[in-house]
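S.K.: Have a look at the structure that comes next, please.
The values are calculated or read from the model by the stated rules, or taken from the named source; none is laboratory data. Predicted model only: the values in this text are computed from it and were never measured. Positions of Cβ are generated from backbone atoms using ideal geometry, with glycine treated the same way; all protein chains shown enter the neighbour counts. Accessible surface areas use protein heavy atoms only, side chains included; no ligands, DNA or RNA. Shrake-Rupley method; radii C 1.70, N 1.55, O 1.52, S 1.80 Å.
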Amino acid sequence: MTVTPLGIPRRLMEFTVDGEPARVPEGSTILDACRAAGKDIPTLCQGDTLRPKNACRVCVVEVEGSRTLVPACSRRAEPGMEVRTDSERARHSRKIVLELLASSVDLSTTPKVAEWIKEYEAKPDRFGPDAARLNEAPKIDNELYVRDYDKCILCYKCVDACGDQWQNTFAIAVAGRGFDARIAVEHDAPLTDSACVYCGNCVEVCPTGALSPKTEFDMRAAGTWDEPRQTETATVCAYCGVGCTLTLHVQDNEVVKVTSPHDNPVTHGNLCIKGRFGYQHVQNRG
């Protein structure tokens, strides 16, 4: 069971979203307000367990009086603010961002991006095949997770999860600058030679599948990964006394992935190597 801690009541603010009145607690972002109002704002680099990075800019909205479009994931709502989420300017900006991202990296495993490309009539193919940023083979150097940088949008969520926001391991960083910037471990070495502790918390926050569990990578390659057929079972990790809540993703009576609820006050979606990857004993039927 997930327990949500009670905080100090926050003052409600009133403003308008697309001409309709909205009320959200003080400190909420525009994205919080839009989601509360049932409006679907596309996001990629936004993470519910990480501080906003403002890297992808796909969630931009128009605010009355603001010279530039603002990222909904990080801009706090203010009393009297007038927000337009579906203006021609905001839609055009999202279309361009989607075209640039989809033309330079592989977004085939990014949830919902195909719907957004269709909705905003983005045409990433107009930049041609030379727009691809890397064109390199996935890095498979361990049995737990795979790094496929052809799918990386440089959102830095993995760096933040590995660094001071959660894990404090600092095994992942940004190497290079400008067009040569990329996510890497020390000296671009194999993970087995790095400081990585294989917690997989970087995998959990990756929005595009650039980092994925090896089981998922292998099943996708074999054409057997079928998320709609998977069931989820909540349980508690038995490896130690912390009692982390686990969600077992099961397909064809086999555990194929383990996650933890992001709103869990103990894990906040994070796990250790045993909780995330040490589930094989559950399936030992010998």
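S.K.: Any idea how far apart Asp252 and His281 come out in nm if each label point goes 7 Å out from Cα toward Cβ?
M.R.: Placing both labels 7 Å along Cα→Cβ, they lie 2.6 nm apart.
S.K.: So what's the chain giving for Rg/Rh, alpha carbon basis, Kirkwood Rh from the mean inverse pair distance?
M.R.: Rounded to two decimals, Rg/Rh equals 0.98.
S.K.: Report, for the chain, the % of DSSP beta bridges that are antiparallel, rounded to 5.
M.R.: Bridges in the chain that DSSP calls antiparallel: roughly 95 percent.
S.K.: Further, regarding this structure: Considering only protein heavy atoms and a probe of 1.4 Å, how much of the accessible area of the chain is carbon and sulfur, as a whole percent?
M.R.: Here carbon and sulfur together make up 52 percent of the probe-accessible area.
S.K.: I would also like to ask the following. With the crude spin-label approximation of a point 7 Å out along Cα→Cβ, what separation in nm comes out for Asp180 versus Ser66?
M.R.: About 3.5 nm separates the two model spin labels.
S.K.: Right, another one. For q = 0.12, 0.19, 0.20, 0.27 Å⁻¹, what log10 I(q)/I(0) does region 192-247 give under the Debye formula with an equal point scatterer on each alpha carbon and no solvent?
M.R.: -0.42, -0.97, -1.04, -1.18
S.K.: Could you please put Leu12, Leu98, Leu154 in sequence from largest to smallest accessible area, using a 1.4 Å probe?
M.R.: Leu12, Leu154, Leu98
S.K.: Right, here's the next one. Tyr239 versus Thr224, label points 7 Å from Cα toward the beta carbon: distance in nm?
M.R.: Rounded to a tenth, the inter-label distance reads 2.4 nm.
S.K.: Okay, next question. Give me the mean projected area, in nm² to one decimal, of the convex hull enclosing the Cα positions of region 134-286.
M.R.: Numbers: hull surface 40.5 nm².
Over every viewing direction, the Cα hull of region 134-286 projects on average to 10.1 nm².
S.K.: Going out from 0 in 10 Å bins, what whole percent of all Cα-Cα distances in region 18-175 drops into each bin?
M.R.: 10, 34, 33, 19, 4, 0
S.K.: How do Phe127, Phe179 rank by accessible surface area computed with a 1.4 Å probe, from largest to smallest?
M.R.: Details: Phe127 85, Phe179 200 Å².
The residues order as Phe179, Phe127, largest area first.
S.K.: A follow-up question, please. Taking amide H positions as placed 1.01 Å from N in the peptide plane, with prolines and chain starts having none, which residues 5 or more places from Cys244, or on another chain, fall under 5 Å of its amide H?
M.R.: Under 5 Å from the amide H of Cys244 lie the amide H atoms of Cys237, each far enough along the sequence or on another chain.
S.K.: Give the long-range amide H neighbours of Lys139: residues separated by 5 or more places, or on another chain, with amide H under 5 Å away, using H modelled in the peptide plane at 1.01 Å from N.
M.R.: Arg147, Asp148, Tyr149
S.K.: When the Cα centres of region 4-83 and region 184-212 are compared, how far apart do they sit, in Å?
M.R.: 30
S.K.: Let me ask something else. Please report the relative contact order for region 1-152, taking Cα pairs under 8 Å with a sequence separation of at least 6, and give it as a percent rounded to a whole number.
M.R.: Normalised by residue count, the contact order of region 1-152 is 18 percent.
S.K.: Next question. Within region 38-126, report the GluC sites (Glu not before Pro) that DSSP leaves as loop and that have at most 13 other Cβ atoms within 10 Å.
M.R.: Answer by residue number: Glu64, Glu121.
S.K.: Where the centre of each part is set by its Cα atoms, how far does region 243-286 sit from region 113-171, in angstrom?
M.R.: Between the Cα centres of region 243-286 and region 113-171 lies a distance of 24 Å.
S.K.: Residue separation times 0.36 nm, minus the C-alpha to C-alpha distance between Glu119 and Arg10: what's the value?
M.R.: So the chain would gain 35.7 nm between Glu119 and Arg10.
S.K.: Follow-up question, since we're still on this one. Taking the full set of protein chains and a 1.4 angstrom probe, give the accessible area of Ile183 in square angstrom, rounded to the nearest 10.
M.R.: 10
S.K.: Now a separate question. Could you tell me the accessible area of Leu50 in Å² (1.4 Å probe, neighbours in place), rounded to the nearest ten?
M.R.: The accessible area of Leu50 comes to roughly 20 Å².
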